[in-house]
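Colleague: Just passing along the structure, written as structure tokens.
The values are calculated or read from the model by the stated rules, or taken from the named source; none is laboratory data. Predicted, not measured: the structure shown is a model, and the values here were computed from it. Here the Cβ positions follow ideal geometry from the backbone for every residue, glycine too, while neighbour counts run over all protein chains shown. The accessibility values were calculated without ligands, DNA or RNA, using every heavy atom of the protein model including side chains. Shrake-Rupley method; radii C 1.70, N 1.55, O 1.52, S 1.80 Å.
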Amino acid sequence: MRLFGFKGPNGVESVGALLKDGKDHFIDLCATDPLLHNSLQDIIQSPEQLNRARAAIANANAVTSKLNDISFKVPIERPGKIVCMGLNYADHAKEGGNARPEYPSFFMRGPSSMTAHLSPIVRPQVSDKLDYEAELAFVVGKKARHCTLENALDCVAGYSIFNDGSIRDYQRKTTQWTIGKNFDHTGAFGPWLVTPDELPLGCDGLNIQSRLNGQVMQNANTKDFLWGVAETIVLISECMTLEPGDIVITGTPAGVGYARTPPVFMKPGDICEIEIESIGVLRNTIVDE
């Protein structure tokens, strides 16, 4: 399933499922089944709600709508945690002047830093150094602690795309990256959540690319992860309990703007697209605060 939260033209919030046979239409799950919650976060952590969603998709009388008629919401609006990885690709570590790490860098984002598919990424008043970062994201569907490589992927509800927009000068004001990663509406997330049954195990071997105004800036593959999805869950869950609705962002490959000569930063009017094979394209325009 490819599930997303949205707001319709009448302002009503609902959850949709992308149709497999068309890119322009989707099933309005809540209109098809009034017993379904209008929060994707609620649906993914309830086996009963997930079964109802599957049944609504299979319903011959399902209510369908056009993607052009809606506004996408961030797939998970109230995550308990947004755990981000840094330096998960050796080439990106190298371009930033870092040796191949023995352990990933971790930092946290807050919900107010996120923005949805087709909503603007906001360049803040205090900086013009807004950078793009193409990243695979996954959402936790059930509580996980002290996972093993054998059972880690069982806790994944689905995969999505994240543009870990970074304010580079603020990121480097301190030894911790958090402040440069949490400006309002800088981290784009979406467009939908793809359930694991539609993707390779652990999303291994998927092409990942960022494009700025149509120009390819990053071009890599998730097979180049230093720590794959299962190992990432093992590392995080040995420290903290992962809970339903938590988001994990898995790091970006080489090609970011600050490492270029001259540096390339996003500016108002730009269009940034992040594409991950078999998942989709996350697209955002850039605006000034």
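Colleague: How about the range 8-55: which of its residues are buried (at least 18 other Cβ atoms within 10 Å of the Cβ) and β-branched (Val, Ile, Thr)?
Modeller: Listed by number, the residues that qualify are Val15, Ile27, Thr32, Ile43, Ile44.
Colleague: I've got another one for you. Testing Ala93 on (1) in contact with a Lys or Arg (Cβ under 8 Å, 6 or more places away or on another chain); (2) in a loop (DSSP other than H, G, I, E, B); (3) modelled with pLDDT under 95, one condition comes back false. Which one is that?
Modeller: (2)
Colleague: Any chance the range 225-240 includes a residue that's open to solvent by 20 Å² or more (accessible area, probe 1.4 Å) and assigned to a strand (DSSP E or B)?
Modeller: yes
Colleague: Being hydrophobic (A, V, I, L, M, F, W, C), in contact with a Phe, Trp or Tyr (Cβ under 9 Å, 6 or more places away or on another chain) and open to solvent by less than 10 Å² (accessible area, probe 1.4 Å) narrows it down to one residue among Ala152, Ala134; which is it?
Modeller: Working: Ala152 fails: in contact with a Phe, Trp or Tyr (Cβ under 9 Å, 6 or more places away or on another chain).
Being hydrophobic (A, V, I, L, M, F, W, C), in contact with a Phe, Trp or Tyr (Cβ under 9 Å, 6 or more places away or on another chain) and open to solvent by less than 10 Å² (accessible area, probe 1.4 Å) holds for just one of Ala152, Ala134, which is Ala134.
Colleague: Checking Thr178 against (1) open to solvent by less than 10 Å² (accessible area, probe 1.4 Å); (2) more than 23 Å from Ile276 (Cβ to Cβ); (3) among the β-branched types (Val, Ile, Thr), which single condition isn't satisfied?
Modeller: (1)
Colleague: Inside the range 58-76, can you point out the residues that are touching a residue at least 60 places away in the same chain (Cβ under 8 Å) and buried (at least 16 other Cβ atoms within 10 Å of the Cβ)?
Modeller: Correct list: Ile70, Phe72, Lys73, Val74, Pro75, Ile76.
Colleague: Which of the following residues is modelled with pLDDT of 95 or more, open to solvent by less than 10 Å² (accessible area, probe 1.4 Å), outside any loop (DSSP other than H, G, I, E, B) and closer than 17 Å to Arg2 by Cα: Gly245, Gly202, Gly190?
Modeller: Working: Gly245 fails: outside any loop (DSSP other than H, G, I, E, B); Gly202 fails: open to solvent by less than 10 Å² (accessible area, probe 1.4 Å).
Testing whether each residue is modelled with pLDDT of 95 or more, open to solvent by less than 10 Å² (accessible area, probe 1.4 Å), outside any loop (DSSP other than H, G, I, E, B) and closer than 17 Å to Arg2 by Cα leaves just Gly190.
Colleague: Report, by residue number, each residue of the range 267-289 that is under 28 Å from Gly205 (Cα atoms) and open to solvent by less than 10 Å² (accessible area, probe 1.4 Å).
Modeller: Cys272, Ile274, Ile276, Ile279, Leu282, Asn284
Colleague: Residue under question is Pro79, and the condition is that it be touching an Asp or Glu at 6+ places or on another chain (Cβ under 6 Å), within 28 Å of Thr232 (Cα to Cα) and open to solvent by less than 30 Å² (accessible area, probe 1.4 Å); does it hold? Lay out the reasoning, then the answer.
Modeller: Numbers: touching an Asp or Glu at 6+ places or on another chain (Cβ under 6 Å): yes; within 28 Å of Thr232 (Cα to Cα): yes; open to solvent by less than 30 Å² (accessible area, probe 1.4 Å): yes.
Against the criterion (touching an Asp or Glu at 6+ places or on another chain (Cβ under 6 Å), within 28 Å of Thr232 (Cα to Cα) and open to solvent by less than 30 Å² (accessible area, probe 1.4 Å)), Pro79 qualifies.
Colleague: Out of curiosity, is Phe183 among the hydrophobic types (A, V, I, L, M, F, W, C), open to solvent by 10 Å² or more (accessible area, probe 1.4 Å) and either under 22 Å from Leu3 (Cα atoms) or touching a helix residue (DSSP H, G or I) at 6+ places or on another chain (Cβ under 7 Å) (or both)?
Modeller: So Phe183 passes the test.
Colleague: Then there is this: How about the range 261-289: which of its residues are in a loop (DSSP other than H, G, I, E, B) and either among the β-branched types (Val, Ile, Thr) or modelled with pLDDT under 95 (or both)?
Modeller: Thr261, Val264, Ile279 - these are the residues of the range 261-289 that are in a loop (DSSP other than H, G, I, E, B) and either among the β-branched types (Val, Ile, Thr) or modelled with pLDDT under 95 (or both).
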